[in-house]
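Visitor: Input: one structure, supplied below.
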Amino acid sequence: GDSVTQKQGQVTLSEDDFLFINCTYSTTTYPTLLWYVQYLGQGPQLLLKVTTANNKGISRGFEATYDKGTTSFHLQKASVQESDSAVYFCALVDSGTYQRFGTGTKLQVVP
Amino acid sequence: AQTIHQWPVAEIKAVGSPLSLGCTIKGKSSPNLYWYWQATGGTLQQLFYSITVGQVESVVQLNLSASRPKDDQFILSTEKLLLSHSGFYLCAWSGDWGGGQDTQYFGPGTRLLVL
């Protein structure tokens, strides 16, 4: 069946470091892929949505590219700030009403 | 602009007691509505979804039930809580099949502790 894999459970960076969070997926279709950010004690917020039509999403300095060849959807940011500390979830739109979430990557940015 | 409100913010309940959590969406007509559960430090698991008043589909039950009594309201409930029900409950909405169904917007959540 369909799956979403985030292997990095936690990432610790210093301010201005480059961020790269890994996400791979498995599906028989070309799904819509999303990145959510969840700050402590809050609900997740949609950060990026990428479809087969646009292949790349950019928002708030974050960028993700949809690579059908490697079935990956990695999240990048050139220079992280302490305010970026949060949990980042990759998700796959499995059907119109169902989203399959990865296990999340906790980002801690130290000043 | 659309707003989503969940109540209560947090609950501490005893095993075996009943539970009712609520969610209201304002500013969006006929949204799709969703309930999710998140264990502490865990991923999000969709529990139920509803595309119209009175119709709810179960994804993973976990001895919970859901109802949609009004277009803008979604209720999650159980008559007997288990320890395993502890966690963070999130309500979300999206557009319908013709209008942004793949983009879900989450509420602030309800934190539940079952003792």
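The values are calculated or read from the model by the stated rules, or taken from the named source; none is laboratory data. In this text the structure is predicted, and so the values were computed from the model without any measurement. Reconstructed Cβ throughout: ideal geometry from the backbone, glycine too, with neighbour counts over all protein chains shown. Accessible surface areas use protein heavy atoms only, side chains included; no ligands, DNA or RNA. Shrake-Rupley method; radii C 1.70, N 1.55, O 1.52, S 1.80 Å.
Visitor: Can you give the direction-averaged projected area of the convex hull of the alpha-carbon atoms in the stretch A:13-64, in nm²?
Guide: The Cα convex hull of the stretch A:13-64, projected and averaged over all directions, gives 4.8 nm².
Visitor: I'd like the FRET efficiency for B:SER20 and A:TYR98, computed as 1/(1 + (r/R0)^6) with the beta carbon distance as r and R0 of 22 Å, rounded to 0.05.
Guide: Efficiency for this residue pair is about 0.35.
Visitor: Per residue, how much accessible area does chain A have with a 1.4 Å probe, in Å²?
Guide: Counting only protein heavy atoms, the per-residue value for chain A is 46 Å².
Visitor: Ignoring ligands, DNA and RNA, how do A:VAL11, B:VAL9, A:VAL50 rank by accessible area with a 1.4 Å probe, largest first?
Guide: B:VAL9, A:VAL11, A:VAL50
Visitor: Let me ask something additional. Quick one: buried accessible area between A and B, total over both chains, 1.4 angstrom probe, nearest 100 Å²?
Guide: The A and B chains share an interface burying roughly 1500 Å².
Visitor: Can you tell me the mean projection area, over all orientations, of the convex hull of the protein assembly as shown's alpha carbons? Units nm², please.
Guide: 12.6
Visitor: For labels at A:GLN81 and B:VAL60 in the simple 7 Å Cα→Cβ model, what's the distance in nm?
Guide: In this crude label model, A:GLN81 to B:VAL60 measures out at 3.5 nm.
Visitor: Would you please state which residues of the stretch A:50-70 a label at A:PHE18 would reach in this model, taking the label point 7 Å out along Cα→Cβ and a backbone N cut-off of under 16 Å?
Guide: Under cut-off, by backbone N: A:62-65.
Visitor: How large is the convex hull of the Cα atoms of chain B per residue, expressed in Å³ as a whole number?
Guide: Looking at chain B, the number lands at 94 Å³ per residue.
Visitor: Write down the accessible area per residue of the stretch B:51-115 in Å², having rolled a 1.4 Å probe over the full set of protein chains.
Guide: Working: 3170 Å² over 65 residues.
Ligands and nucleic acids excluded, the result is 49 Å² per residue.
Visitor: Treat every Asp and Glu Cβ in the protein assembly as shown as -1 and every Lys and Arg Cβ as +1, leave all other atoms uncharged, and give the resulting dipole magnitude about the Cα centre to the nearest 20 debye.
Guide: It comes to approximately 280 debye.
Visitor: Have a look at A:PHE18, A:PHE101, A:PHE62 and tell me which one the Gaussian network model of chain A (Cα, springs below 10 Å) gives the largest fluctuation.
Guide: It is A:PHE18.
Visitor: So, one more: Compute the separation of the alpha-carbon centres of the stretch B:66-80 and the stretch A:1-73 and state it in Å as a whole number.
Guide: 31
Visitor: Now, a different point. Using the C-alpha gyration tensor of chain A, what are the square roots of 5 times its eigenvalues, in whole angstrom, with the largest one first?
Guide: They are 23, 14, 12 Å, listed from largest to smallest.
Visitor: Would you jot down the residues in the stretch A:39-70 that end up with at least 20 Å² less accessible area in the complete protein assembly than in the chain alone, with a 1.4 Å probe?
Guide: A:GLY41, A:GLY43, A:PRO44, A:LEU46, A:LYS49
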